[in-house]
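Peer 1: Following this message is one structure expressed as structure tokens.
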Amino acid sequence: MKNGVVIVGAGHAGVQAAASLREEGYDGPVTLVGDEAELPYHKPPLSKTFIKDPAAQPQMLRADVFYSNNRIDLRPGTMVERIDLGGRRLDLVGGDHIPFDAAILATGSRPRELKLAGAELGGVLSLRSVADARLIRELSATTGDVVVLGGGFIGLEIAATLRLGGRNVTVVEAQERLLGRAVAPAISAHVRHRLESTGVRVLTQTTIQRLEGGNGHVTAAILSTGERLPAQMVIVGIGVVPNVELAQTAGLTLSNGIRVDGSLRSSQPEILAIGDAANYRHLFSGTDVRLESVQNATDQARLAARTILGHEGRYDSVPWFWSDIGDMKLQMVGLAGASDSTVVVGDMADNKFSVYHYGGNRLIAIESVNRPADHMLGRKMLGAGFSPHPETVTAGADALKAAFAASQKSAAA
Ligand code: FAD
């Protein structure tokens, strides 16, 4: 492979793909192109620690010497405009080109745009990059009233953080409950209760109809209920859309993301796609998914490197995710979409409990609040395909650990 591998997008997936190519022994050229100006950094802290600490700096994914030591040609601040499939090269904004033998699209996703009157006003912000986080941090220092539109993970993390910093925060969510697409009703209710107990106002089944402003800056949100909420800052957290434009203009197959097979190849075999931008049939659930998590991005990156080097393999990692909302560490493992019954263990009043999801007789997901041991054991159990009886789960952690250990022992025998 004379021209080597080029990776588009220097986020969690792209950086891991470059690292994995070298770890797997690939010796040819590796080029990592990212449109952000900074060295690649961790995204999760942006909505958790970064926005509350004026002195916080972005946490680098790898030290700057990592790229030179590993002969990774990192090109920050560089936007890829087009994939020239016939010429096997990338066309960059500005006129340069990068030839390739194989390409990995790790272009991630971007916040879904808010489409309503006043959305263009100053102070209406979303959070994806460190540049966005700096804006939120600066503005929140002088802001009394914040409206967060969208009760998903990022919106709630920001709401909890800004409330701790003394802002008046209202969360406006269109659905019946917070985190409705992501967690069990018991967890939604608990998160709502904890947020409200810190003074966050939570409005469900409510939307913003328009935003009002003065001198180009937002001053209020007018709700579907007719209420007028004063707001000097509106955080828009209404989900993300995958960055598929490069793939689209190159004619690759799309389906809520860039469609890839089990080894992460797109419809054009020399082009792979990974991370937030990739859609695939998950072996674990048998459904088509596009997951937005660090685990998914980095595990797919490892497999993509192996695929390019000719190893056979199918992406079969058990998905997991975490979120810190105020004093709640939420950890999820598995996919709960097919859940038809749940078992709850632990103590909600103590802010420590887990919900075990079953699809038929099979354990398919575990969602934990401040119970990291449940989460870690869950990752092992689901990874091994072990499905404990619900009575074993309710019997307590020791019984569950013993049952899992026994199953592993008999599997090994
Ligand atoms: P990204 O990390 O977004 O990287 C994609 C990169 O590609 C971006 O830098 C983008 O600008 C660049 N790019 C796109 N198009 C081009 C182009 N044409 N040319 C050049 N560059 C391009 N996940 C968790 O598991 N736990 C968490 O707690 C958590 N918290 C989060 C908090 C925040 C604020 C955010 C934004 C995300 C969070 N996530 C969390 C999600 C996680 O960060 C993403 O799933 C992960 O970053 C996906 O990695 P990726 O490489 O696919 O995309």
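Peer 1: Rounded to the nearest 0.05, what FRET efficiency do T207 and N70 give with R0 = 30 Å and r taken as the Cβ-Cβ distance? Could you check? Before the final figure, lay out each step's value.
Peer 2: Numbers: r = 48 Å, r/R0 = 1.60.
After rounding to 0.05, the efficiency reads 0.05.
Peer 1: Here's something else I'd like to know. Using all Cα-Cα distances in the chain, what percent lands in each 20 angstrom bin from 0 up to the longest?
Peer 2: So the P(r) values, bin by bin, are 25, 53, 21, 0.
Peer 1: Would you mind getting me the FRET efficiency between D398 and D101? Use the beta-carbon distance for r and R0 = 51 Å, nearest 0.05.
Peer 2: Numbers: r = 53 Å, r/R0 = 1.04.
After rounding to 0.05, the efficiency reads 0.45.
Peer 1: Another question, then. How large is Rg over Rh for the range 28-90, taking Rg from the Cα atoms and Rh as the Kirkwood inverse mean of 1/r across Cα pairs?
Peer 2: On the way: Rg = 15.2 Å, Rh = 13.9 Å.
Rg/Rh: 1.10.
Peer 1: Follow-up. Post the alpha-carbon centroid distance, the range 20-76 to the range 183-199, in whole angstrom.
Peer 2: 35
Peer 1: Same structure, new question: Gap in Å between the Cα centre of the range 311-384 and the Cα centre of the range 226-284?
Peer 2: Result: 24 Å between the Cα centres.
Peer 1: Under a point spin-label approximation (7 Å from Cα along Cα-to-Cβ), what is the A373-K2 distance to one decimal in nm?
Peer 2: It is 6.0 nm.
Peer 1: Arranged from highest to lowest average of other beta-carbon atoms within 10 Å per residue, in what order do the peptides 41-50, 14-23 appear? Don't skip to the end; give the middle numbers.
Peer 2: Details: 41-50: 20.2, 14-23: 24.2.
Peptide ranking by packing, descending: 14-23, 41-50.
Peer 1: Measure off, as a whole percent, the carbon and sulfur share of the 1.4 Å-probe accessible area of the range 113-238, all protein chains present.
Peer 2: On the way: 2630 of 5470 Å².
That fraction is 48 percent.
Peer 1: If you don't mind, another one. Give the residue list of GluC sites (Glu not before Pro) in the range 108-209 that are DSSP loop and have at most 15 other beta-carbon atoms within 10 angstrom. Kindly include the intermediate steps, with their values, before the conclusion.
Peer 2: Details: sites: E113, E120, E138, E157, E173, E176, E196; in loops: E113, E120, E173, E176.
Answer by residue number: E113, E120, E176.
Peer 1: On to the next question. If you stretched the chain out fully between R110 and D316, how much longer would it get, using 0.36 nm times the residue separation minus the C-alpha to C-alpha distance?
Peer 2: Details: separation 206, 0.36 × 206 = 74.16 nm, distance 2.55 nm.
So the chain would gain 71.6 nm between R110 and D316.
Peer 1: Can you pull the percent of Cα pairs in the range 269-413 with separation above 26 Å?
Peer 2: Working: 3248 of 10440 pairs.
That fraction is 31 percent.
Peer 1: Continuing with this model, one more query. With the other protein chains left in place, how much accessible area per residue, in square angstrom, belongs to the range 283-392 at a 1.4 angstrom probe?
Peer 2: On the way: 4760 Å² over 110 residues.
With the other protein chains kept in place, the range 283-392 gives 43 Å² per residue.
Peer 1: Moving on to the next point. Volume per residue, Å³, of the convex hull around the alpha-carbon atoms of the range 1-140? Walk me through the intermediate numbers first.
Peer 2: Values: hull volume 18.4 nm³, N = 140.
Once divided by residue count, the hull of the range 1-140 is 131 Å³.
Peer 1: Then there's this: Between Q175 and D84, what is 0.36 nm times their sequence separation minus the Cα-Cα distance? Round to one decimal in nm. If you can, show how the numbers build up before the last one.
Peer 2: Working: separation 91, 0.36 × 91 = 32.76 nm, distance 4.24 nm.
That pair, Q175 and D84, stretches by 28.5 nm at full extension.
Peer 1: In addition: So what's the range 317-390 giving for Cα Rg divided by 2.2 N^0.38 Å, two decimals? Don't skip to the end; give the middle numbers.
Peer 2: Values: Rg = 11.6 Å, N = 74, 2.2 N^0.38 = 11.3 Å.
My calculation over the Cα atoms of the range 317-390 gives 1.03.
Peer 1: Would you report the distance distribution of C-alpha pairs in the range 113-238 as whole percents per 10 angstrom bin, up to the bin with the largest distance?
Peer 2: Final binned percentages: 14, 49, 33, 5, 0.
Peer 1: Suppose the chain between E120 and Q59 were pulled fully straight at 0.36 nm per residue; how much longer would it get relative to their current alpha carbon spacing?
Peer 2: Details: separation 61, 0.36 × 61 = 21.96 nm, distance 3.01 nm.
Gain on extension, E120 to Q59, equals 19.0 nm.
Peer 1: Over the range 113-238, what is the relative contact order in percent, taking alpha-carbon pairs closer than 8 angstrom and at least six residues apart? Each step should come with its number before you reach the end.
Peer 2: Working: 244 pairs, mean separation 45.3, N = 126.
Once normalised by length, the contact order is 36 percent.
Peer 1: Something else: Return the calculated 222 nm mean residue ellipticity for the chain, to the nearest 500 deg cm²/dmol, obtained by summing -39500 (n - 2.57) across DSSP H runs with n ≥ 4 and dividing by the residue count. Spell out each step's value before the answer.
Peer 2: Numbers: 10 runs with 107 residues, N = 413.
Helix contribution divided over all residues of the chain: -8000 deg cm²/dmol.
Peer 1: Taking H as built 1.01 Å from N, whose amide H comes closer than 5 Å to the amide H of I364, not counting residues under 5 places away?
Peer 2: H357, Y358, G359
Peer 1: Over the range 3-144, with the other protein chains present, what is the accessible area per residue in square angstrom, probe 1.4 angstrom?
Peer 2: Result: 44 Å² per residue.
Peer 1: Quick check: at a probe of 1.4 Å, how many percent of the accessible area of the range 327-413 sits on carbon and sulfur atoms? Intermediate results must be reported in sequence, preceding the final value.
Peer 2: Numbers: 2310 of 4240 Å².
Answer for the range 327-413 is 54 percent, counting heavy atoms of protein chains only.
Peer 1: With a Förster radius of 22 Å, plug the Cβ-Cβ distance of D347 and T198 into 1/(1 + (r/R0)^6) and report the FRET value to the nearest 0.05. Don't skip to the answer; put the middle values down first.
Peer 2: Numbers: r = 19 Å, r/R0 = 0.88.
So, using R0 = 22 Å, E works out to roughly 0.70.
Peer 1: With a 10 Å cut-off between alpha carbons and a GNM built on the chain, which of A221, A13, A106 moves the most?
Peer 2: A221
Peer 1: Exactly which GluC sites (Glu not before Pro) in the range 197-295 are in a DSSP loop and have at most 16 other Cβ atoms within 10 Å? Mind dumping the intermediate values first?
Peer 2: Values: sites: E212, E227, E245, E270, E292; in loops: E227, E270, E292.
Answer in residue order: E227, E270.
The values are calculated or read from the model by the stated rules, or taken from the named source; none is laboratory data. Owing to the predicted nature of the structure, the values given are computational and were not obtained by experimental measurement. Reconstructed Cβ throughout: ideal geometry from the backbone, glycine too, with neighbour counts over all protein chains shown. Protein only, heavy atoms only, side chains kept; ligands, DNA and RNA dropped before computing areas. Shrake-Rupley method; radii C 1.70, N 1.55, O 1.52, S 1.80 Å.
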